[in-house]
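Reading through the structure tokens given below for one structure.
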Amino acid sequence: IRLKRKTIALVINPDATLTVRAPIHISRGYIEQLVNKKRAWIERKIGEVKSRPRIRPKEFVDGEGFFYLGETYRLKITESSAISLEDYLYFPECMLSNASARLKAWYKARAAEKIEERVASRAKEIGLNYKSIKITGAQKRWGSCSQSGNLNFSWRLVMAPLEVIDYVVMHELAHLKERNHSSKFWQEVKLLFPDYREAKKWLKD
């Protein structure tokens, strides 16, 4: 895929295929040379993807498990009119016709509450100012920080434990100081969140 970009990116997709994103002016021959040079890395990453267990689609039936703040809650179908969370994830029978959309909306609302609270608290602690917070449907990144100081977080993050949410929050707040992923940036992350490697591993797993 040719794009207006400065570097070449090799991306291993969830279906174990390779996508090459390249600058418009780079020749096909150069791209093929790079792919051959990186063949061992590509094959290793494809092997990792293929070895991952297949994730079955969630079913909206009693006993199905759903993550929230790092814990698994079992679904219980009820005659209520709203989704609620206590010892079970109570789900109204009247919502089953569009269950996925309803649960996603519930997750997004919880994510907005929890993440906005964590960002405000952590930013105040370390004396950093951000412009805004947006909860997104991003699937390939947990969070991002724009040049103007807008912070974006995937609603899926609310499935993670609080300490993992705090890591992503600190990661994005660190970008207010360092806009890249240089060694200086990771030093800043470590200063703000010393156990960041454990949180990164949880997200990867």
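The values are calculated or read from the model by the stated rules, or taken from the named source; none is laboratory data. Keep in mind it's a predicted model, so treat the numbers as computed, not measured. In this analysis, Cβ positions are derived from the backbone assuming ideal geometry, glycine residues included, and neighbour counts consider all displayed protein chains. Side chains are part of the model used for accessible areas, which takes the heavy atoms of the whole protein and leaves out ligands, DNA and RNA. Shrake-Rupley method; radii C 1.70, N 1.55, O 1.52, S 1.80 Å.
Values as computed for the structure displayed
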{"quantity": "Helix 28-37 vs. the chain, principal-axis angle (Cα, 0 to 90°, nearest 10)", "calculated": "70"}
{"quantity": "Solvent-accessible area per residue for the chain (1.4 angstrom probe, square angstrom)", "calculated": "65"}
{"quantity": "Compactness of the chain as Cα Rg over 2.2 N^0.38 Å, two decimals", "calculated": "1.22"}
{"quantity": "Whole-number percent relative contact order across the chain, with pairs defined as alpha carbons under 8 Å at least 6 apart", "calculated": "12"}
{"quantity": "Accessible surface of Trp202 - all protein chains present, 1.4 Å probe, nearest 10 Å²", "calculated": "100"}
{"quantity": "Segment 1-57 shape via C-alpha gyration tensor axes, a/c threshold 1.5", "calculated": "oblate"}
{"quantity": "Cut-off 15 Å between beta-carbons: net charge of the residues surrounding Gly47, Lys and Arg +1, Asp and Glu -1", "calculated": "+3"}
{"quantity": "Accessible surface of segment 71-205, 1.4 Å probe, proportion on carbon and sulfur as whole %", "calculated": "47"}
{"quantity": "Neighbour count of at most 16 Cβ within 10 Å plus DSSP loop: longest trypsin sites (Lys or Arg not before Pro)-free window in the chain", "calculated": "59-130"}
{"quantity": "C-alpha long axis of helix 39-51 to longest principal axis of the chain, angle in °", "calculated": "20"}
{"quantity": "DSSP beta bridge pairing in segment 35-131, given as percent antiparallel to the nearest 5", "calculated": "60"}
{"quantity": "About the Cα centre, charge dipole magnitude for segment 73-146 (Lys/Arg +1, Asp/Glu -1 at Cβ), debye", "calculated": "500"}
{"quantity": "Electrostatic dipole magnitude of segment 3-114 [Cβ: Lys, Arg +1; Asp, Glu -1; Cα centre; debye, to 20]", "calculated": "1160"}
